[in-house]
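Input: a single structure, listed below in structure tokens.
Only the coordinates and a few stated rules stand behind these numbers; no lab work does. Computed from a predicted model, the values in this text were never measured in an experiment. Backbone-built Cβ (ideal geometry, glycine too); neighbour counts: all protein chains shown.
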Amino acid sequence: MNQTDVLVIGAGVSGLSCALYTSKAGLNTVVLEHGESQLKSVKMVYNIPGIQEGISGAQWLESARTQVFNAGGSIHTGKVESLALTDQPYTVVTTDGRMWSAQYLVIAVNLGYPLLESLGFEVAINEHVPSKKIRKVLEVGYDGKSHQPGVFFAGLLTDVPSQTIIAAGQGAFVGVQIASDFLKRPFMWHD
Ligand SMILES: Cc1cc2nc3c(=O)[nH]c(=O)nc-3n(C[C@H](O)[C@H](O)[C@H](O)COP(=O)(O)OP(=O)(O)OC[C@H]3O[C@@H](n4cnc5c(N)ncnc54)[C@H](O)[C@@H]3O)c2cc1C
């Protein structure tokens, strides 16, 4: 059994943003990745404030991954098949049989929402996204908190509009909340 403070399921926009903040705060952070972020195939994104020249989706993701590594986090390949949402720490099993135990769980799977339905979370159409193909988790707001202690959601599953900057910001907010809870003081990243 591998142990960590924070386990993030999904190495997309919100999952990487969250992991960057928890890693930077000194929490052992593992990201499990399977499949591709929706952003991966986007040629250029011009709507991120501060990046006037634009950035490709692949570049954004690569850069965020490097930031996670540099902050001390790690990213492992692994499709999550089952979770035991009984008591903290939570146990996560990947399809290749690896097991993880984590105090905090961040579910940032976006289109991987069938996993949530199998866990008993109810999902509905995220009306902020015009395609109607995106789901939100019922009774979860921008803070990503679920009824389960230490279990958070991140990204479009939290009913936010489908924009990279918003998914990244929401993921960072989840990371700050987890870091603050763990450290028992408000966490703020100062460079
Ligand atoms: C065609 C298209 C064009 C877009 N263009 C723009 C644009 O120009 N500007 C802009 O701001 N936004 C754009 N977006 C939106 C942007 O991609 C999303 O807002 C953002 O990716 C959402 O982040 P997220 O973290 O919620 O999900 P994602 O980034 O999709 O990340 C979810 C991650 O979870 C993984 N996952 C799923 N199930 C599992 C599992 N069981 N185990 C482990 N991992 C799992 C997925 O493989 C993925 O890596 C575009 C989206 C699309 C589809």
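List of remarks:
- Only one entry in Val45, Val8, Val30 is crowded, with 19+ Cβ neighbours inside 10 Å and within 11 Å of the ligand (Cβ to nearest atom), namely Val8.
- Test: residue in the range 84-98 that is in a strand (DSSP E or B), within 21 Å of Gln170 (Cα to Cα) and more than 10 Å from the ligand (Cβ to nearest atom): no
- Exclusive hit being over 19 Å from Ser14 (Cα atoms), out of contact with any helix residue (DSSP H, G or I) (no Cβ under 6 Å at 6 or more places or on another chain) and in contact (Cβ under 8 Å) with a residue 24 or more places away in the chain, set Thr86, Thr91, Thr77: Thr91
- Complete set of residues in the range 169-191 that are outside any loop (DSSP other than H, G, I, E, B) and out of contact with any Phe, Trp or Tyr (no Cβ under 9 Å at 6 or more places or on another chain): Gly169, Leu183
- None of Asp181, Asp191 is more than 15 Å from the ligand (Cβ to nearest atom), surrounded by 14 or more Cβ atoms within 10 Å (Cβ to Cβ), at negative phi and charged (D, E, K, R) except Asp181.
- Considering the range 127-157, the residues that are without any contact (Cβ under 8 Å) to a residue 60 or more places away in the chain and near the ligand (Cβ under 10 Å from one of its atoms) include one that is farthest from the chain's Cα centre (by Cα), namely Ser131.
- Within the set Ala11, Ala58, the sole residue that is touching a Leu at 6+ places or on another chain (Cβ under 9 Å), among the aliphatic types (A, V, I, L, M) and in a loop (DSSP other than H, G, I, E, B) turns out to be Ala11.
- Residue check, Val68 in a strand (DSSP E or B), touching a Ser or Thr at 6+ places or on another chain (Cβ under 7 Å), closer than 21 Å to Trp189 by Cα and touching a residue at least 12 places away in the same chain (Cβ under 8 Å): no
- Scanning the range 99-111 for residues that are closer than 18 Å to Val174 by Cα and either without any contact (Cβ under 8 Å) to a residue 24 or more places away in the chain or not in a strand (DSSP E or B) (or both) yields Ala108, Val109, Asn110.
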